[in-house]
Structures are given as structure tokens and as C-alpha cells.
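The values are calculated or read from the model by the stated rules, or taken from the named source; none is laboratory data. Since this is a predicted model, take the numbers as computed values, not measurements. No Cβ is skipped: glycine too gets one built from the backbone with ideal geometry, and neighbour counts run over all protein chains shown.
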């Protein structure tokens, strides 16, 4: 089969074995461009328009966004998007209590924001 081929599996072990089998006995097909990846490698290689967040990073973001002593719009926006993606309604209530207007009507505001920012992913 000519062309570009990507073999993706959840198991890195299966990916490694498939690659070993493909290239066993010196097999070479100059008409193919093939790559073998685990699912986590595949996801790590994707370019997305958002920043990945760790558990520690999330706790820091949450503390910054929900601090009543300061108004960090960037942190509030990021937490709002997180709450939209994971449907964390308690975060909307907390943001609304801090006068973050988008959280007061999060269903409408959230849909508009997601549609503008992530159209290829919806």
C-alpha cells in the first residue's frame, strides 16, 4: 500500500512489537512513509490552541482565579474554560460570586466562547 501510514495503539508494547514485525527481515517499502505511535505519543504530538494543565497547575490556577483579594482576568478566563469543558458547575457559581459576568450566564457565554475559540474541535 503506497502513501503515508500511521499505526496508533493504546499499548506502547503493541506499538513496539508492530514496528519490529514491520521491519523484520529487512523489509523496506520505499512507497510508504510509516510511523508507529502509542496513543499518548499521538496526543502529545497534536497541536491544540490551549495549554495543557497538570493537577498542581490546576490548583494554582483555581487559587488565583478564585482569590477575592485580586481580580486576575486571565486566570478567571482559563478556569471558566476548564469548567466548560469538564462541566464543573460549582466553578461557575464561585466565579459568579466574584462578579465574573460570563459565569452568571455560563451556558450562553460558554457556548459562544467555545464556538469562537475551538471551532475545529467542536
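Could you please give the count of residues in the stretch 77-102 that are exposed (fewer than 15 other Cβ atoms within 10 Å of the Cβ) and at pLDDT below 90? Going through the stretch 77-102 one residue at a time, the tally reaches 3. Consider the stretch 62-76 and keep the residues that are in contact (Cβ under 8 Å) with a residue 12 or more places away in the chain and in a helix (DSSP H, G or I). The one that is surrounded by the most Cβ atoms within 10 Å (Cβ to Cβ) is 65.
Does the stretch 23-53 hold any residues that are in contact with a helix residue (DSSP H, G or I) (Cβ under 6 Å, 6 or more places away or on another chain) and either part of a helix (DSSP H, G or I) or under 29 Å from residue 86 (Cα atoms) (or both), and which are they?
Selection gives 38 alone.
Applying a threshold of 6 Å to beta carbon distances and a minimum spacing of six or more residues, or different chains, the list of pairs starting in the stretch 35-55 at a residue that is free of Cβ contacts under 8 Å to residues at least 24 places away in the same chain and ending at one that is in a loop (DSSP other than H, G, I, E, B) and surrounded by 10 or more Cβ atoms within 10 Å (Cβ to Cβ) is empty. Residues of the stretch 1-22 being surrounded by 10 or more Cβ atoms within 10 Å (Cβ to Cβ) and either in a strand (DSSP E or B) or in contact (Cβ under 8 Å) with a residue 40 or more places away in the chain (or both), which ones? Scanning the stretch 1-22 gives 5, 6, 7, 8, 9.
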